[in-house]
Amino acid sequence: MFVSLWEFFYGHFFRFWMKWLLRQMTGKCELQRIFDTYVGAQRTHRIENSLTYSKNKVLQKATCVVQNEVDKCVEDIMKEKNINPEKDSSFKICMKMCLLQITGYKQLFLDVESVRKRPYDSDNLQHEELLMKLWNLLMPTKKLKARISKQWADIGFQGDDPKTDFRGMGILGLINLVYFSENYTSEAHQILSRSNHPKLGYSYAIVGINLTEMAYSLLKSEALKFHLYNFVPGIPTMEHFHQFYCYLVYEFDKFWFEEKPESIMYFNLYREKFHEKIKGLLLDCNVALTLKV
């Protein structure tokens, strides 16, 4: 109740008068003051909030423009706020970068969601080739005897046909597994080997798909904003999402062996504990979670 009242009064009264007072004192609008004071994710985050909560329709719509409209949007903002490009030459560059990050994050989620909703199709040659690529990357010296085979358990699938394990995350789960195995092959082999530990072992592929869900949920909840705003000085892409997934895979394996669970039956408990740890790290406005090997 108190929080709701504060948000109402702040949004409708206090914020307006505070902005007006600071403009009279500094001769600069809120957007300019943010650029003068902050850098990195803090800057982009505060610009995003300023635009979102503005009563000016041009500023409100700025967070939803498409990439090819960003330049015009920056010009419109400068016109609305009476910003002289000769007196503030850096404003245009800074605002463009922030808008590319803000709108890029929204587009990235749409792109990831589109891939996630695409089910694995065993009649799709590209899907089948991607699945075989995963096997060859992880088991280069061992030939798969048949497409439907108990051998899939060797890389952590549950059944004889991996397609049933991709239901939750669709083809996105497989793409992530292949990306990690292809770009961090040595680490993938090491983690696959560790996943076969007699006491602390886990299903490599199933856990990998589970971590795809974690990466997706963090992106959807906007928890990845600080990370991506710091890590990508422009438009975040699927490549950056895959990179974050790789970080999760590598760090989860370390976390699992450090925690030493009594049994795989406690997987959900430790998975949630790891999830909370990552969410905590992502609250830092200076965060940039990258895989360093």
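The values are calculated or read from the model by the stated rules, or taken from the named source; none is laboratory data. No experiment lies behind these values; they were computed from the predicted model shown. Ideal geometry is used to build each Cβ from the backbone, glycine not excepted, and the neighbour counts take in all protein chains shown. SASA here: full protein model, heavy atoms, side chains in, ligands and nucleic acids out. Shrake-Rupley method; radii C 1.70, N 1.55, O 1.52, S 1.80 Å.
Split the accessible area of the chain by element, probe 1.4 Å, and carbon with sulfur accounts for 55%.
Which trypsin sites (Lys or Arg not before Pro) from the range 195-257 combine a DSSP loop assignment with at most 14 other Cβ atoms within 10 Å? Here the sparse-neighbourhood loop sites are K199. As a size descriptor, the averaged projected area of the C-alpha convex hull of the range 70-191 was calculated at 11.1 nm². Alpha-carbon geometry of the range 176-293: the Rg and the Dmax are 14.1, 45 Å, given in that order. Among the listed pairs K57/K225; K57/K79; K199/K292; K55/K81, a Cα-Cα separation exceeding 19 Å is found for K57/K225; K199/K292.
Here each label is just a point 7 Å from Cα along the line to Cβ, and for Q42 and S193 those points are 4.4 nm apart.
Its relative contact order, with pairs defined as Cα atoms under 8 Å and 6+ residues apart, puts the chain at 18 percent. Solvent-accessible area per residue in the range 102-246 equals 45 Å², computed with a 1.4 angstrom probe and all protein chains kept.
This structure gives Cα extents along the principal axes in Å, computed directly, and of (1) 69, 46, 30; (2) 67, 53, 35; (3) 74, 41, 35 that value is listed as (3).
In a DSSP loop and with at most 15 other Cβ atoms within 10 Å, the trypsin sites (Lys or Arg not before Pro) in the range 96-159 are K117, K142, K143, K145, R147.
Net length available on complete extension from V66 to K220 is 53.5 nm, with 0.36 nm assigned per residue and the Cα-Cα distance removed.
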